[in-house]
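Asker: Handing you this structure, nothing more for now.
The values are calculated or read from the model by the stated rules, or taken from the named source; none is laboratory data. Just so you know, these numbers come straight off a predicted model, no measurement behind them. Note that each Cβ is placed from the backbone with ideal geometry, even for glycine, and that neighbours are counted across all protein chains shown.
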Amino acid sequence: MAKSNKPIFWSLFAAGGTLAAFLAPVLAVLFLMAALGHAPALLTYAGLHAFAAGWFGKLFLQAVITLFLWHAAHRLRVTMHDVGLRQDGLVSIVVYLTAAIGTVVTLLALLRI
């Protein structure tokens, strides 16, 4: 039986989807509250910067952004196949390379904080 790299991409897709399902609604409510002027203390610039500057904040933000990117990449790959774009090899390279570049850019940006 030939070895496949599908479990790696499926695990990133599943983790990103699970995280998105639990975390995205909470983030949407928190940022809506901030936009309406009812921001918790953590959502001030100083609070968010302090969170992102710590090692736990960097790890958390890296995990969230990376998993969201990989989830979106796999979802786009499947969507492109569903709408009739059958060049799966090319689509896979483009979407997964974009997610990988986004992961590296996120890491570099977080290290600069």
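Asker: Name, by its number, the condition in (1) at pLDDT below 85; (2) surrounded by fewer than 17 Cβ atoms within 10 Å (Cβ to Cβ) that does not hold for F13.
Answerer: Failed condition: (2).
Asker: So for the range 27-49 (the condition being in contact with a Gly (Cβ under 9 Å, 6 or more places away or on another chain), modelled with pLDDT under 90, hydrophobic (A, V, I, L, M, F, W, C) and assigned to a helix (DSSP H, G or I)), does at least one residue qualify?
Answerer: Yes, the range 27-49 contains a residue that is in contact with a Gly (Cβ under 9 Å, 6 or more places away or on another chain), modelled with pLDDT under 90, hydrophobic (A, V, I, L, M, F, W, C) and assigned to a helix (DSSP H, G or I).
Asker: All but one of (1) in a helix (DSSP H, G or I); (2) exposed (fewer than 10 other Cβ atoms within 10 Å of the Cβ); (3) not small (G, A, S) hold for K3; state the number of the condition that does not hold.
Answerer: Going through the list (1) in a helix (DSSP H, G or I); (2) exposed (fewer than 10 other Cβ atoms within 10 Å of the Cβ); (3) not small (G, A, S), K3 breaks only (1).
Asker: Going through L48, L43 one at a time, which residue ends up being farther than 19 Å from T106 by Cα and either surrounded by 12 or more Cβ atoms within 10 Å (Cβ to Cβ) or charged (D, E, K, R) (or both)?
Answerer: Going through L48, L43 in turn, the sole match is L43.
Asker: Please tell me if G84 is at positive phi and either surrounded by fewer than 12 Cβ atoms within 10 Å (Cβ to Cβ) or touching a strand residue (DSSP E or B) at 6+ places or on another chain (Cβ under 6 Å) (or both).
Answerer: yes
Asker: Would you confirm, using the coordinates I've provided, whether G89 is small (G, A, S), more than 22 Å from L110 (Cα to Cα), surrounded by 11 or more Cβ atoms within 10 Å (Cβ to Cβ) and out of contact with any Asp or Glu (no Cβ under 7 Å at 6 or more places or on another chain)? I'd like the intermediate steps shown before the answer.
Answerer: Numbers: small (G, A, S): yes; more than 22 Å from L110 (Cα to Cα): yes; surrounded by 11 or more Cβ atoms within 10 Å (Cβ to Cβ): no; out of contact with any Asp or Glu (no Cβ under 7 Å at 6 or more places or on another chain): yes.
Answer is no for this residue.
Asker: Sort through V91, V78 and tell me the only one that's assigned to a helix (DSSP H, G or I), more than 20 Å from A24 (Cβ to Cβ), over 11 Å from the mean Cα position of the chain (by Cα) and β-branched (V, I, T).
Answerer: From the options V91, V78, the qualifying one is V91.
Asker: For the subset of the range 57-81 comprising residues that are among the charged types (D, E, K, R) and either in contact with a Phe, Trp or Tyr (Cβ under 8 Å, 6 or more places away or on another chain) or within 18 Å of G17 (Cα to Cα) (or both), which member is surrounded by the most Cβ atoms within 10 Å (Cβ to Cβ)?
Answerer: R77
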